[in-house]
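The values are calculated or read from the model by the stated rules, or taken from the named source; none is laboratory data. Remember, it's a predicted structure, so these values are computed and weren't measured experimentally. Because the Cβ atoms are built from the backbone with ideal geometry, glycine has one as well, and the counts that use them run over all protein chains shown.
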Amino acid sequence: MDMPIVRFPALMKFYVDNQIEFPCMGVTVAELLDNLVARYPALQPHLFEPGGNMRRHFNIFVNGEHIRELNGLDTPLKNDDKVILMVSAAGG
Amino acid sequence: MAPELSHEEILRYSRHLLIPEVGLEGQRKLKSSSALVIGTGGLGSPVALYLAAAGVGHIGLVDFDVVDKSNLQRQVIHGKSTIGKLKVESARNKLLDLNSDIQIDIYDEPFTSENAIRIAENYDVLIDGTDNFPTRYLTNDVCVFLGKPNVYGSIFRFDGQLSVFDARLGPCYRCLFPEPPPRGLVPSCAEGGVLGVLPGTIGTLQATEALKILLGIGDTMVGRLLLYNALDMSFDFVKLKKNPKCRVCGPHADIKELIDYEEFCGVPGHDHNDEGSAGKDRDITATELAERCRSGKLVLLDVREPHELQISALPNTLNIPLGQLAGRLTELDSAEDMVVFCKAGTRSTRALELLISAGFKKVKNLKGGINAWAREVDQELPIY
């Protein structure tokens with residue numbers, strides 16, 4: 001089973017048992033997000049708009065590339081791929 | 001033509017003059033260059049200090065805030081002696097003490113759509129050290145319209161972000177973040193906290209990028225974003241490209257002039273958390289609450305994080321952190337009178353909105369949070 005590594009920003013890790021980085025199953029980015037939300041339901045409103053689209057202050061990078069430059073949510077994932085979830089922060 | 005250096009300046013900058021990438025020519029370039037630092041808080045402190053020390057000839061500082069004791073944990077340009085004074089004046093005094101050969105211009109006003117172009121057009125580079133989304137989008141759009149680089153940094157708890165947005169060469173801030181987060185979804189440092197040294201790390205990196213831009217050396221962070229995590233000391237670099245759908249720098253851009261950024265972001269252009277009001281009809285003051293507690297049954301719902309209860313707490317309360325509230329509504333009885341509170345009233349206002357949308361009608365917000373209670377009712381409680 002493919003187990004990419006997913007990395008969470010400080011703004012989000014509260015919703016995933018305070019973890020920064022952990023493996024999560026998923027053969028695509030979409031499937032990985034589904035699995036994350038299934039495991040941590042409190043993530044749902046933070047990742048997705050009420051209509052189901054991904055929120056637009058959110059960015060996802062796979063091995064350093066924005067998924068917009070890959071295949072979006074259909075971007076395939078393989079073992080040990082590094083998936084970074086990144087959210088805008090205003091603090092200064 | 002770049003200005004000459006005096007003998008005193010040659011001595012002051014001798015460690016720069018020894019670096020071939022800087023040298024005499026680079027130092028003269030810095031002397032003739034200018035940088036606008038937007039915000040003189042956590043990020044602005046190290047940025048301004050290092051740019052002044054490096055000999056950037058003209059530095060602008062924008063901030064309308066005054067120095068507060070709670071700033072001193074990280075805003076190292078200010079000090080105990082300047083508490084209560086304007087931050088831009090406090091910062092200017094420190095910078096001139098460090099280097100009186102440079103020009104410091106201060107703008108004791110909020111950075112807004114009305115004054116931003118007038119202020120920014122005088123500078124070579126803008127450094128975004130603000131603490132709120134409206135000013136970040138404004139700074140970005142000003143840089144796109146004026147064709148200037150935007151040295152971006154942001155911080156939260158243990159996380160920092162760094163990039164250089166320059167729409168002439170690569171993506172802008174809006175390419176990465178087309179929209180701000182919905183109100184209430186992303187806490188600020190005033191709500192969530194920040195490690196004091198974190199703005200030092202990110203701010204000095206911003207100063208580094210600004211100096212490279214002004215000197216025209218090295219590879220800047222254009223097209224790259226650094227994600228720094230102090231807890232596991234990780235530095236992740238990711239690639240950024242222009243977003244073809246960007247509304248301000250894309251081929252079909254429809255934003256051609258500055259807009260109302262507070263309206264766009266749905267939040268105020270500052271990070272002050274001392275308002276904490278849900279509106280006159282939905283607020284209860286600390287003094288009123290103290291009276292109300294004596295006259296009958298009332299549920300006090302504390303929506304802060306559990307570790308905050310160790311700082312200050314009220315007796316006989318129910319603690320459900322805001323982030324868990326939506327999933328724990330069944331623990332609450334909508335038939336009971338309820339007052340929601342947090343540190344200063346920001347999170348409790350959001351909790352109130354959530355409760356009202358879930359059908360709760362007998363709920364009020366403690367205006368100003370437990371800090372207001374500490375000021376008005378129980379002076380033995382600390383304010384944080």
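The set of residues from the stretch B:156-171 being of a type in the set (A, V, I, L, M) and touching a Cys at 6+ places or on another chain (Cβ under 7 Å) comprises just one member, B:Ala167. Taking the stretch B:251-261 as the range and being surrounded by 11 or more Cβ atoms within 10 Å (Cβ to Cβ) and touching a residue at least 24 places away in the same chain (Cβ under 8 Å) as the test, the residues that pass are B:Ile255, B:Leu258, B:Ile259, B:Asp260, B:Tyr261. Within the stretch B:191-231, being within 11 Å of chain A (Cβ to nearest Cβ), crowded, with 22+ Cβ neighbours inside 10 Å and either touching a His at 6+ places or on another chain (Cβ under 6 Å) or part of a helix (DSSP H, G or I) (or both) holds for B:Leu198, B:Pro199, B:Ile202, B:Gly203, B:Gln206. Select from the stretch B:145-159 the residues that are of a type in the set (A, V, I, L, M, F, W, C), more than 13 Å from B:Thr130 (Cα to Cα) and more than 10 Å from every other protein chain (Cβ to nearest Cβ) and list them in ascending order. Correct list: B:Phe145, B:Leu146.
Would you point out the residue of the stretch B:262-284, among those that are surrounded by 17 or more Cβ atoms within 10 Å (Cβ to Cβ) and at pLDDT 90 or above, that is nearest to B:Thr40 (Cα to Cα)? Of everything passing the filter in the stretch B:262-284, B:Glu262 is nearest to B:Thr40 (Cα to Cα). Scanning the stretch B:326-350 for residues that are within 14 Å of another protein chain (Cβ to nearest Cβ) and closer than 15 Å to B:Lys367 by Cβ yields a total of 3. Count of the stretch B:165-190 residues, restricted to those that are among the charged types (D, E, K, R), within 11 Å of chain A (Cβ to nearest Cβ) and in contact (Cβ under 8 Å) with a residue 40 or more places away in the chain, is 1. Here the stretch A:8-18 is the region considered, the condition is being within 11 Å of chain B (Cβ to nearest Cβ) and either closer than 16 Å to A:Leu47 by Cβ or touching a helix residue (DSSP H, G or I) at 6+ places or on another chain (Cβ under 9 Å) (or both), and the residue that is modelled with the lowest pLDDT is A:Phe14. In the stretch B:68-95, of all residues being crowded, with 20+ Cβ neighbours inside 10 Å and in contact with a strand residue (DSSP E or B) (Cβ under 8 Å, 6 or more places away or on another chain), the one that is nearest to A:Ala90 (Cα to Cα) corresponds to B:Arg74. When the stretch A:45-66 is limited to residues that are in a helix (DSSP H, G or I) and under 11 Å from the mean Cα position of the chain (by Cα), the one that is surrounded by the most Cβ atoms within 10 Å (Cβ to Cβ) turns out to be A:His46. Where residues in the stretch B:310-325 are more than 14 Å from chain A (Cβ to nearest Cβ) and closer than 21 Å to A:Ala10 by Cβ, which of them is surrounded by the most Cβ atoms within 10 Å (Cβ to Cβ)? The extreme case among them is B:Ile311.
For B:Thr130, the test of being closer than 27 Å to B:Arg183 by Cα and surrounded by 23 or more Cβ atoms within 10 Å (Cβ to Cβ) is passed. Of the candidates B:Pro171, B:Pro178, the single residue that is in a loop (DSSP other than H, G, I, E, B) and modelled with pLDDT of 95 or more is B:Pro171.
Here B:Leu162 does not fit the description of being hydrophobic (A, V, I, L, M, F, W, C), within 12 Å of chain A (Cβ to nearest Cβ) and farther than 30 Å from A:Glu49 by Cα. Applying the criterion of being closer than 13 Å to B:Val62 by Cα and among the charged types (D, E, K, R) to the residues of the stretch B:120-135, the residue that is modelled with the lowest pLDDT is B:Asp131. A:Lys13 meets all of the listed conditions (1) under 29 Å from B:Leu198 (Cβ atoms); (2) exposed (fewer than 14 other Cβ atoms within 10 Å of the Cβ) but one, namely (2). Against the list (1) of a type in the set (Lys, Arg); (2) surrounded by 14 or more Cβ atoms within 10 Å (Cβ to Cβ); (3) more than 10 Å from every other protein chain (Cβ to nearest Cβ), the condition A:Lys78 fails is (2). Of the residues making up the stretch B:330-347, one or more are surrounded by 14 or more Cβ atoms within 10 Å (Cβ to Cβ) and farther than 16 Å from B:Ile284 by Cα. What residue, among those in the stretch B:232-271 that are away from chain A (no Cβ under 12 Å) and of a type in the set (Asp, Glu), is nearest to the chain's Cα centre (by Cα)? Among them, the one singled out is B:Glu262. Residues of the stretch A:34-75 that are touching a residue at least 24 places away in the same chain (Cβ under 8 Å) and facing another protein chain (nearest Cβ under 7 Å): A:Ala42, A:His46, A:His57, A:Asn59, A:Phe61.
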